[in-house]
Structures are given as structure tokens and as C-alpha cells.
Amino acid sequence: MNYKHLLYSIVLLFFVGACTSEQKPVEGPTTLDTSQLVEDLRVLSSDEMEGRRTGTEGNRKAREYLVERFKQVGAEPFKGEYTHPFTFENRSGEKLEAVNVIGQINGQTDSVIVITAHYDHLGVRDSLIFNGTDDDASGTAVLLAYADYFNKEEPNHTLVFAAFDAEEMGLKGARAFVEDSVLLERVVLNINLDMISQNDKGELYASGTYHHPELKPVLESIETGDVQLLFGHDRPEQGYDDWTSASDHGAFHAKGKKFIYFGVEDHEHYHKATDDFDTIPLDFYKSSAQVILNAILAFDER
Ligand SMILES: [Zn+2]
């Protein structure tokens, strides 16, 4: 740097200082931390978590990671604790223990929107690790990103972020959660995220408006960017293609609670060992996370 440049720089700094000294520094709008989102997705679906099957060491590691991350992003422990153990019977009548991980961001009111995803998956089969990156590390990781976002942007509703266990064994974590009838009275909506990262056509479903048509205009009003937001998969006559009870939102629906389920159609990696971090179209994942955030913001406004 020569002296002329140095002088110029000093004058410039002085000028900038004079212009901004009267005002607060301008903060940009809060945005989703998508690089941390991708990192959380990678960690949660890494081989170290051994497929996160309920009751296994890998599942416990995933749980510890979630607790740590909830703390880091400033989510409050739900009812004083991040971890909520429960027991259930599996299909062969064995009693099993599982643990939900739940954080919350307090809003201006007591009414609650519960945002859910399941962190358990299928574990290890025939020495193959089923990492379940789309199913459902994708939904779980985004809970952390939303908790981080709403810690910076206070919501109107109190937002409860529930990472459920034992979904793969019959929505057990969600069923345990909805047993709290006092809390359930305050719940106005469940937004469930299960498989939101894997689609080669950029399509994401918002399912449940058949049951709750009043929620459809809200979803039609949001920015969707390069994601194609579709409706459907929620009519009883669709049989297997009716997703109403296919994931944790089914437990809320069974209790008469409103829900919207976000997810993609089944794909070649669904419940296969290839549902791996390397197969995820990350741009779609980030866009899909943004669209769902837009939906949460729109519901929170109401
Ligand atoms: Zn799932």
C-alpha cells in the first residue's frame, strides 16, 4: 500500500464512521443457517450413529448430539428436560424403552405449534448400516435449524420442537407425547417433517389439507422458490397412498389435532441402506427447509 492509498483509506474510514455513528449498525434479516443444517444432517446420518435404531448405542449417540445442539441453539428444555423417556410394547410384546428429545422456544402466547420429526431409524441389518439420511435425519436436523432461527426471531406461538423416538416401531414417541392432555389443549397445530430431502423433481408434499381445508390458503400464500409444493396423499379412498397415519402426525390426528405433514414421495432409497448422506440433493434439501420455514412463519402469523 502506498501513502496515497493509505491516506485515501483513512479518509474513507472517517467518512464511513461519520455516516454510521448516529445509527445502530444495520442487521440483515435472520436467515436459516443452511451450512450448519447440512452439517447436522451429515452427523446424524453418519455410520457412527449406526442407523439410530431405538434402544441401541447409535440411537443414544444421536440423542446426545441432539441435546447438545438444542442447548447450543438456545432452545429451552421442554417441561424442564430435553429428554423424555417412555416405554412401549413392540410387535412381539416385548417391553422397550425409548426417549424423545424435546426443546422449545417461548413465544408471546401460550398456544403451541408442535414441530416434529423422528430421529430413530432401522439400525443395522445383515451388517449393513441403514443411515436413514432422508428418513428422517432430514426432518430432525431441520428442527435444530428452526430452533436457532426462532431463538433470534421471537415467534407469536410457543414452538415446541420434538425429535421423536420409535416412529419406525409404530409412531410410539408421538403417541407417548400426545398422552399429555393438559399440554395437548394448548396445541393448535402439528407440523410433521419426515423425509424432506430426497426428490429429483423438486417436489415436496404438504399433506393433510383434505382434513383441514382451512390450512390450504395459508400454504398457497407462501413463497416456494424452486420447490414445487403439492397437496394430497390424505384421502381415505387412496388406501396405501393416504399418508394420514403414515408418520408421527397420525398420533396428533388420532387425538383430533390439526396437522400438516411435509414429505416427499417414496423413492429408490426409501428404507434401503443407500438412504445415505451422499445420495441427498443438498440444494433441494435447503430449499425444502426454507419452504417449510415459510409455512411455519405463515401459520405463526395467524
Ligand atoms: Zn420416517
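A short reminder: the numbers here are calculations on the coordinates, not readings from a lab. Computed from a predicted model, the values in this text were never measured in an experiment. With ideal geometry, Cβ positions are generated from the backbone for all residues, glycine too; neighbour counts draw on all protein chains shown.
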* Bins of 20 Å, starting at 0 and running to the largest distance - Cα pair percent for the chain -> 33, 52, 11, 3, 0
* Asked: What residue among LEU204, THR133, PRO155 has its Cα farthest toward the positive end of the dipole of the chain, where the charges are +1 on Lys, Arg and -1 on Asp, Glu, each on the Cβ?
  -> PRO155
* To do: Send over the semi-axes of the stretch 110-264's equivalent ellipsoid, whole angstrom and largest first, taken as the square roots of 5 times the C-alpha gyration tensor eigenvalues.
  => 22, 20, 18
* To do: State which entries of LYS61/LYS216; LYS152/LYS255; LYS61/LYS201; LYS152/LYS286; LYS71/LYS172; LYS61/LYS172 exceed 28 angstrom in Cα-Cα distance in the structure shown.
  => LYS61/LYS216; LYS152/LYS255; LYS61/LYS201
* To do: Could you work out which residue, out of ASP126, ASP40, ASP226, moves most in a Gaussian network model of the chain, that is, has the largest mean-square fluctuation with Cα springs under 10 Å?
  => ASP126
* Hey, any idea what Rg/Rh is for the stretch 136-179, computing Rh the Kirkwood way over Cα pairs? -> 1.05
* Structure fact -> VAL218 and THR279 label points (each 7 Å along its Cα→Cβ direction) are spaced in nm at 3.4 nm
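Where does each of LYS286, LYS61 land when they are ranked from fewest to most other beta-carbon atoms within 10 angstrom?
LYS61, LYS286
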* To do: Quick one: net charge around GLU167, please, counting Lys, Arg +1 and Asp, Glu -1 for every other residue with C-beta under 13 Å from its C-beta.
  => -3
* To do: Taking the Cα centre of the stretch 47-301 as origin, sum charge times position over the Cβ atoms of Lys and Arg (+1) and Asp and Glu (-1), and report the length of that vector in debye to the nearest 20.
  => 700 debye
* Structure fact -> Expressed in Å to one decimal, the Kirkwood Rh of the stretch 206-302 from all distinct alpha-carbon pairs is 14.7 Å
* Structure fact -> One would report the antiparallel percent of DSSP beta bridges in the stretch 47-301, rounded to the nearest 5, as 50 percent
* To do: Between the alpha-carbon centers of the stretch 163-177 and the stretch 227-264, tell me the distance in whole angstrom.
  => 16 Å
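May I ask you to compute the full-extension gain from GLU94 to GLN228, defined as 0.36 nm times their residue separation minus their alpha-carbon distance, rounded to one decimal in nm?
Values: separation 134, 0.36 × 134 = 48.24 nm, distance 4.26 nm.
Here the segment from GLU94 to GLN228 would lengthen by 44.0 nm.
Can you give the net charge of the other residues whose Cβ lies under 10 Å from the Cβ of ALA141, counting K and R as +1 and D and E as -1? If you can, show how the numbers build up before the last one.
Details: positive: ARG42, ARG69; negative: GLU39, ASP40, ASP136.
Within the 10 Å Cβ shell, the charges total -1.
What's the FRET efficiency of ASP300 with SER181 using the Cβ-Cβ distance as r and R₀ = 22 Å, to the nearest 0.05? List each step's numbers first, then the result.
On the way: r = 24 Å, r/R0 = 1.08.
Working from the Cβ atoms, E equals 0.40.
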* By Kyte-Doolittle mean hydropathy of at least 0.0 and Cα axial length of at least 24 Å, which whole DSSP H helices of the chain are selected? -> 3-20, 282-301
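For the stretch 76-163, what percent of Cα pairs sit more than 23 Å apart? Walk me through the numbers before you get to the answer.
Working: 1343 of 3828 pairs.
Summing the P(r) of the stretch 76-163 above 23 Å gives 35 percent of all pairs.
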* Highest-MSF residue in the chain out of ASP200, ASP276, ASP135 [GNM, Cα springs under 10 Å] -> ASP200
